[in-house]
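One structure below.
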Amino acid sequence: MAEPKILSGKDTAKEIRQEIAVEVAKRKEAGLKVPHLAAVLVGNDGGSETYVSYKVKDCKEVGFDSTLIRRDDDITEEELLELIAELNVNDDIDGFIVQLPLPEHIDSQRVITAIDPNKDVDGFHPTNVGRMNLGLDGFLPATPSGIIELLERNGIETSGKHCVIIGRSNIVGSPLSVLLSRNRKVGNATVTLCHSRTKDLAEMARQADILIPALGKPEFVTADMVKEGAVVVDVGTTRVPDNSKKSGFALKGDVKFDEVAPKSSAITPVPGGVGPMTRVALLMNTLKAARMQ
Ligand code: NAP
């Protein structure tokens with residue numbers, strides 16, 4: 001078997017960021033507004049702090065304006081809803097996100113539903129979820145949309161392929177199953193959506209032309225679960241303790257990369273695969289929001 005193609009989300013995302021930066025420069029030249037993303041961060045969760053800081057950094061790199069709005073974790077649901085109402089009518093802000101998870105006393109779904117769907121660049125509002133399901137234009141959730149972009153830009157054919165997704169969450173597996181099965185250039189796949197109740201998961205996975213584990217169990221997918229020549233897109237990112245790293249942890253995917261890679265025709269690394277594509281997809285949505293204003 002030939003060496004697998006490494007589907008580098010890092011390189012693909014860089015290419016997209018450069019394209020976005022060019023468009024931002026053109027907008028400036030034409031006297032148009034620079035896209036502006038706001039991120040609401042409640043509390044001091046370490047993971048959320050990191051993700052939001054990446055989002056702010058990414059905005060800077062492509063020339064977007066960004067605003068980080070911090071609130072203590074004792075903010076009431078009503079106060080957070082008031083903040084969202086203000087952001088909804090703030091013409092300077094094209095799109096905003098509320099970083100999840102929120103503290104337990106806040107109903108996340110109520111908060112998401114309060115966001116103006118035209119500013120919902122995370123694509124989590126029921127209106128955007130519905131529009132996606134109907135194949136209508138709207139904001140797509142970042143991880144599935146980033147994966148579609150990665151497949152497209154790396155010339156991975158999906159039409160007529162059997163795609164097996166492991167994990168049915170609202171932010172990854174379920175929307176990805178919709179996007180891959182719709183009648184689009186990247187789509188037209190026959191999709192099997194697996195979860196914790198799926199019987200004989202290994203046998204299911206072996207039938208995949210394109211295997212997409214998104215379950216959050218480090219190194220769950222082993223070589224015996226993968227068909228020779230399959231494309232493998234590893235969504236999993238779990239922090240595992242690693243004393244050799246400055247941060248004290250390493251990111252592990254759902255795939256045992258060293259043994260699966262030789263069997264695959266193309267595979268994403270972790271880190272540097274789906275993660276950077278998720279980040280850039282938020283920028284794509286923010287640019288889209290600015291275009292819509
Ligand atoms: P989640 O909400 O915890 O969902 C996990 C899904 O996996 C559930 O549908 C669950 O089934 C299924 N599952 C769990 N154990 C299983 C097993 N042993 N066999 C079969 N299915 C199993 O997770 P998520 O938010 O979608 O995230 C999944 C992973 O992707 C995590 O590692 C997360 O960090 C990562 N992630 C990465 C990115 C990125 O940008 N790279 C973005 C988002 C998420 P049930 O529904 O039956 O419980």
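None of the figures in this text is laboratory data; all of them are computed from the coordinates on show. Everything numeric here is computed off the predicted structure, so don't read it as measured data. Every residue, glycine among them, receives a Cβ derived from its backbone with ideal geometry; neighbour counts consider all protein chains shown.
Seen from all sides and averaged, what is the projected area of the convex hull of the Cα atoms in the stretch 1-96, in nm²? Show your work: numbers first, answer last.
Working: hull surface 36.1 nm².
Answer in nm², one decimal: 9.0.
Each Lys and Arg adds +1 at its Cβ and each Asp and Glu adds -1 at its Cβ; summed about the Cα centre, the chain shows a dipole of about 960 debye. Enumerate the lysines that LYS252 could reach by cross-link, defined here as Cα to Cα under 19 Å, with residues fewer than 8 away along the same chain left out. Those lysines meeting the cut-off are LYS10, LYS217.
Can you give the relative contact order of the chain as a percent, counting alpha carbon pairs under 8 Å and 6+ residues apart? Walk me through the numbers before you get to the answer.
Numbers: 569 pairs, mean separation 63.3, N = 293.
Rounded, it is 22 percent for the chain.
Extent of the stretch 140-274 along its three principal axes (Cα atoms, max minus min coordinate, largest first): 47, 31, 29 Å.
Could you give the Stokes-Einstein D for the chain in µm² per second, using the C-alpha Kirkwood radius, 37 °C, 0.692 mPa s?
Values: Rh = 19.9 Å.
It diffuses with D of about 165 µm²/s by this estimate.
Build a GNM of the chain with springs between Cα atoms under 10 Å apart, and of SER265, SER108, SER247 the one that fluctuates most is SER247.
Mind checking Rg over Rh on the stretch 64-182, alpha carbons, Kirkwood formula for Rh?
Rg/Rh: 1.02.
Gaussian network model of the chain, Cα springs within a sub-10 Å range: biggest mean-square fluctuation belongs to which of GLY187, GLY160, GLY46? Largest GNM mean-square fluctuation: GLY46. For the chain, the membrane-span-like helices by this rule, meaning whole DSSP H stretches whose C-alpha atoms cover at least 24 Å of axis and whose Kyte-Doolittle mean is -0.5 or above, are 274-292; this says nothing about an actual membrane. Relative contact order of the stretch 34-116, taken over Cα pairs closer than 8 Å and 6 or more residues apart, is 42 percent.
Of the GluC sites (Glu not before Pro) found in the stretch 185-293, the ones in coil according to DSSP and having at most 13 other Cβ atoms within 10 Å of their Cβ are GLU228.
Over 27 Å between C-alpha atoms is what I'm after, so list which of LYS26/LYS60; LYS199/LYS245; LYS57/LYS227 land there. Please report the intermediate quantities before stating the final value.
Values: LYS26/LYS60 16 Å; LYS199/LYS245 38 Å; LYS57/LYS227 39 Å.
Long pairs (Cα-Cα over 27 Å): LYS199/LYS245; LYS57/LYS227.
Based on the Cα gyration tensor of the stretch 195-293, what are the three equivalent ellipsoid semi-axes, each the root of five times an eigenvalue, rounded to whole Å and given largest first? Mind showing how you got there, number by number?
Working: eigenvalues 142, 80, 33 Å².
In descending order, the three semi-axes are 27, 20, 13 Å.
Where a ≥ b ≥ c are the square roots of the eigenvalues of the C-alpha gyration tensor, would you call the stretch 165-212 rounded, which needs a/c under 1.5, or, failing that, prolate if a/b is larger than b/c, or oblate? It comes out oblate by the Cα gyration axes.
Note on the chain: GNM, Cα springs under 10 Å; of SER196, SER181, SER66, the largest mean-square fluctuation is that of SER196.
Phi angles of the stretch 103-117 translate, via the Karplus equation with coefficients 6.51, -1.76, 1.60 and θ = phi - 60°, into HN-Hα couplings of x, 4, 6, 10, 7, 4, 5, 5, 5, 4, 5, 7, 6, 4, x Hz per residue; Gly and Pro are given as x. Of the trypsin sites (Lys or Arg not before Pro) found in the stretch 232-282, the ones in coil according to DSSP and having at most 13 other Cβ atoms within 10 Å of their Cβ are LYS245, LYS246.
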